[in-house]
Amino acid sequence: MNVRRKTVQGSAWIAASTLLLAGAQFAQLIFLARILGPADYGVVAILVTVLGFFEMLMVSGISNAIIQRTNVTQKELNSLHWLNTFLGIVLGLSIFFAAPLIADYFNSPSAQTPIMLLSLASIVNSQSHVSRASLEKELCFKPVALIEFVAGVFSTTLVVLGAMNYGINGVGCGMVTGFIVRSFLFFFAAKPIVALRFHFSFNETRRFLSFGVFQLLNSVVGYIDGNMANLVIGRSLNSRSLGGYNVSFNLSVTIPSKINPIVTRVMFPAFSRVNHDIERFSGVSLKLITFTGLVNTPVLLAMWITAPILVPFVFGSQWTWVYPIVQIMSLGSLARSMGNPMGVIIMARDRQRLGLIVNVVKSIVSAAVLIYCVHEWQLIGASMALVANGILTLVVNHFLLRHLLTSNFRTIFIAHLLPILIGLPALGMGYLGVELFQGRTPDLLVIVLVWAIVGFTYLATAWLTRVKVLREVAQQLRHR
């Protein structure tokens, strides 16, 4: 089976798993928001911030290096696995002993115990990364998709049950259990590819660390950039504000962003195989940017239009005050989604050093804007800073793409702008739908009808305007 066929089939499996898992996580968001309320949900946001930190540290360096490097041996995989295990233990112990300081920083004493529980997840999770990376390197996305879905649903169920019976501590236990299940499943699924033994040689990890160090530093900068709002709001405001921000962020940014890995995770191994052909690589990169925009834009437009109805209907009247934040964040999420493929392009070209420098400068600027906006306008300011961050990322990406690809500025600009232009008719039809149905039909029906109108109008416009990448994807799916 050729790379293109494997990539298309991989996209289908990752798409199915990601969308189903996003649905499960959306259900978790709803239940936790209703069970815990704004203040306690702010503590959940702290746990997710900590969890995201050590997940980023473990995945970004060694795992992506395995995918990017060629001719990886079994001895190298064993050495990388035990290095990952050691790092997981060190990180887990660090989080355990730092838990009181983290809880104190966020002015949230109730976060200390669940943070200590999460330290176990770092140790357990370190056992799965080499196995998962090896599966993805071979474009074996079916087992990856199935495992992530099963483990995700299992974790979501336990988190909700834990919240109902034990509050915040139950949430932490559910998260840890989900990682245990996922690690065991990946270990067994990758056994035909990875024959793990008690073998370690630091010299066998060197060529991976040269890639992974810059990728890791890049991810650390990106993590700080992406979580700066939690750090600032948690310290400057209160847990209720942090809970409101995170419910809005999860609804308008996190859940829609689950769509992006459908494309980027599958494309990274494929990109790494064609990065020697710069012309071909440039064409595929711009198609990836356009396609990511086409997938995200209708979702975020529908989110913007229906937010005043959607938020109180889904989360309850206690959350009605956050819908303007959801609307503003939808715009920021749209800009972020179009910049999402940049990381995959930089990794495939092995230009982590350049990406790191750019991200450090961008993060410093974004942090200054965020701190100022939160100080002046609190949560509305935080959502405005998210939009500013997205716009800044797009501008920077234009210059990076011009440097890394053979395409000119005009071609790069069109690749980003096209999904938005196609969305204008859908935006108009969506607002017309709200005017026609609101007050005359139940809220749930209004939401469903407006989302359907936006989606259908967007797809029809994209098809009638003969967007090349959309037709190519449809053709590949027909010939599977």
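Amide hydrogen proximity for THR406: with H placed 1.01 Å from N in the peptide plane, the residues at 5 or more positions away or on another chain lying under 5 Å are SER282.
Determine, from the Cβ-Cβ distance of THR70 and ARG440 and an R0 of 60 Å, the FRET efficiency 1/(1 + (r/R0)^6), rounded to the nearest 0.05. Between THR70 and ARG440 the formula returns 0.45.
A simple rule links phi to the HN-Hα coupling: the Karplus curve 6.51 cos²θ - 1.76 cosθ + 1.60 with θ = phi - 60°, which for the stretch 443-449 gives 4, 4, 5, 4, 4, 4, 5 Hz, with x for Gly and Pro. For the stretch 356-434, the percent of C-alpha pairs falling in each 10 Å distance bin, counted from 0 to the bin holding the largest distance, reads 16, 30, 32, 20, 2. More than 21 angstrom separation, counting every C-alpha pair in the stretch 288-386; what % is that? Above the 21 Å cut-off, the stretch 288-386 has 50 percent of its Cα pairs.
Secondary-structure-derived ellipticity at 222 nm for the chain, considering helices only, amounts to -29500 deg cm²/dmol, per-run term -39500 (n - 2.57) for DSSP H runs with n ≥ 4.
Sequentially through the stretch 345-362, phi angles give Karplus couplings (6.51, -1.76, 1.60; θ = phi - 60°) of 5, 5, 5, 5, 8, 6, 10, 5, 4, 4, x, 5, 4, 4, 5, 4, 4, 5 Hz, Gly and Pro residues having no value and appearing as x.
Inverting the mean 1/r over all pairs of different Cα atoms, compute the Kirkwood radius of the chain and quote it in Å. Could the numbers behind the result be given before it?
On the way: mean 1/r = 0.0433 Å⁻¹.
Radius from the Kirkwood sum: 23.1 Å.
The residue list ILE371, PHE413, LEU401 was ranked by how far each Cα lies along the charge dipole of the stretch 346-429 toward its positive end, using unit charges on Cβ atoms, and LEU401 comes out on top.
For the chain, a crude dipole built from +1 on the beta carbon of Lys and Arg and -1 on the beta carbon of Asp and Glu, taken about the Cα centre, is about 1520 debye to the nearest 20.
Couplings 3J(HN,Hα) of the stretch 83-97, computed from phi: 5, 4, 4, 4, 5, x, 5, 4, 5, x, 5, 4, 5, 4, 7 Hz, in residue order, whole Hz [Karplus 6.51 cos²θ - 1.76 cosθ + 1.60, θ = phi - 60°; x for Gly and Pro]. Model label points for ASN238 and ILE89, set 7 angstrom from Cα along the Cα-to-Cβ axis, are 4.4 nm apart. With the highest mean first, a sort of the peptides 446-459, 314-327 on other beta-carbon atoms found within 10 angstrom per residue produces 446-459, 314-327. The convex hull of the Cα atoms of the stretch 25-82, projected and averaged over all directions, covers 5.6 nm². Projecting label points 7 angstrom from Cα along Cα→Cβ for THR254 and ALA98 puts them 2.0 nm apart. With protein chains left intact and a 1.4 Å probe, residues in the stretch 311-365 average 38 Å² of accessible area per residue.
The values are calculated or read from the model by the stated rules, or taken from the named source; none is laboratory data. In this text the structure is predicted, and so the values were computed from the model without any measurement. Reconstructed Cβ throughout: ideal geometry from the backbone, glycine too, with neighbour counts over all protein chains shown. Quick note on the areas: whole protein, heavy atoms, side chains included, nothing else; ligands and nucleic acids left out. Shrake-Rupley method; radii C 1.70, N 1.55, O 1.52, S 1.80 Å.
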